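The values are calculated or read from the model by the stated rules, or taken from the named source; none is laboratory data. These figures come from a predicted structure and were not determined experimentally. All Cβ positions, even for glycine, are placed from backbone atoms using ideal geometry, and neighbour counts span all protein chains on display. Accessible surface areas use protein heavy atoms only, side chains included; no ligands, DNA or RNA. Shrake-Rupley method; radii C 1.70, N 1.55, O 1.52, S 1.80 Å.
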Amino acid sequence: MSLDPSIKQAEFVKSSAHPSECPPPDRPEYAFIGRSNVGKSSLINALVGNKSLAKTSGRPGKTQLLNHFDINDGAWYLVDLPGFGYAKVSKSSRVKWQRTSEQYLTGRENLMCVMLLIDSRLEPQKVDLEFMAWMGENGLPFVLVFTKLDKLNKTEREEFLPRYEAEMLKQWHKMPPVYVTSSETGEGCAELRQFIAQTNELF
Ligand code: GTP
Ligand code: MG
């Protein structure tokens, strides 16, 4: 393993319907999670520089199952998870999503960090704050990754993060690491790759 943050190779490994089907936990792994349509698959593609690696769609609910991607020939895994909080899916499939991802998140021994993606245009969402509380209770390390920064004007850019922090600090003593990104412009991708390269060293 090396501290070189560059991504030279990225390849789809498999989709798993259940945590027990995931590839062996023999290397560091990072899970991309967040509400439907927040930009998880797009950000994975921007990070690795391949627009067609993870399937994206303007229609929420595109990603199903747990999708593993091998990075740099066996060095680490990225995992693309289905979005949560999508109102149009049935209650039973929502419950199933929740059970599967909770089992995955609490049981995956090589999971280094959860990347919780948040749409920078939205007010803090209850479902995200509750999910963070759940991760806290379960001792899961996470970072916040704000998405779609290219959609904000200058004033919105200055204001969205302090507003979000004010809301979050009602519930937390301090902020987790925060990254601000755009899959359109590539903003924030180098910083995220750097974070992952450093965290890989802890495996
Ligand atoms: P699910 O798989 O349905 O949970 O969605 P997802 O979180 O994987 O979102 P996806 O990457 O499919 O992106 C959803 C939509 O947002 C697509 O139309 C993307 O083109 C758009 N999008 C994602 N990231 C960005 C971004 O940084 N900037 C802009 N302008 N659009 C984005
Ligand atoms: Mg997706």
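Can you give the calculated 222 nm mean residue ellipticity of the chain, where each DSSP H run of n ≥ 4 adds -39,500 (n - 2.57) and the sum is split over every residue, rounded to the nearest 500 deg cm²/dmol? So the helix-based figure for the chain works out to -10000 deg cm²/dmol.
Between PRO124, PHE69, GLN198, the Cα set farthest toward the positive side of the dipole of the chain (charges on each charged residue's Cβ, about the Cα centre) is that of PRO124. Its residues counted as N, region 59-176 yields a C-alpha radius of gyration over 2.2 N^0.38 Å of 1.16. Could you list log10 I(q)/I(0) for region 91-160 at q = 0.11, 0.13, 0.25 Å⁻¹, which the Debye formula gives when each Cα is one point scatterer? Evaluating at q = 0.11, 0.13, 0.25 Å⁻¹ gives log10 I(q)/I(0) of -0.36, -0.49, -1.16. For the chain, a simple Cβ point-charge model (Lys and Arg +1, Asp and Glu -1, everything else neutral) yields a dipole of about 860 debye relative to the Cα centre. Note that region 45-92 presents 50 Å² accessible area per residue, ligands and nucleic acids not counted, probe 1.4 Å.
Sort out for me the Cα centre separation of region 132-161 from region 55-69, rounded to whole Å. The two parts, judged by their Cα centres, are 20 Å apart.
Determine the share of the chain's accessible area contributed by carbon and sulfur atoms, expressed in whole percent, with a 1.4 angstrom probe. Walk me through the intermediate numbers first.
Numbers: 5200 of 10340 Å².
It is 50 percent, rounded to a whole number.
Taking VAL145, VAL95, VAL38 as the candidate residues, the one with maximal mean-square fluctuation in a Gaussian network model of the chain, Cα springs under 10 Å, is VAL95. Sorting 184-194, 156-166 by average packing, meaning the other beta carbons within 10 Å per residue, from highest down gives 184-194, 156-166. Annotation: per residue accessible area for region 100-148 equals 38 Å², rounded to a whole number [probe 1.4 Å, protein chains only].
Close amide H partners of GLY34, meaning residues 5 or more places away or on another chain with modelled amide H under 5 Å apart, are PHE84, LEU117. Within the listed set PHE146, PHE84, PHE131, the Gaussian network model of the chain (springs between alpha-carbon atoms below 10 Å) gives the highest mean-square fluctuation for PHE131. The Rg/Rh ratio of the chain, with both radii computed over alpha carbons and Rh defined as the Kirkwood radius, is 0.93. Only beta bridges with both residues in the chain are counted; by DSSP, about 35 percent of them are antiparallel.
Listed by chain and number, the lysines whose alpha-carbon sits under 25 Å from that of LYS51, ignoring those within fewer than 8 places in the same chain, are LYS8, LYS14, LYS40, LYS62, LYS148, LYS151.
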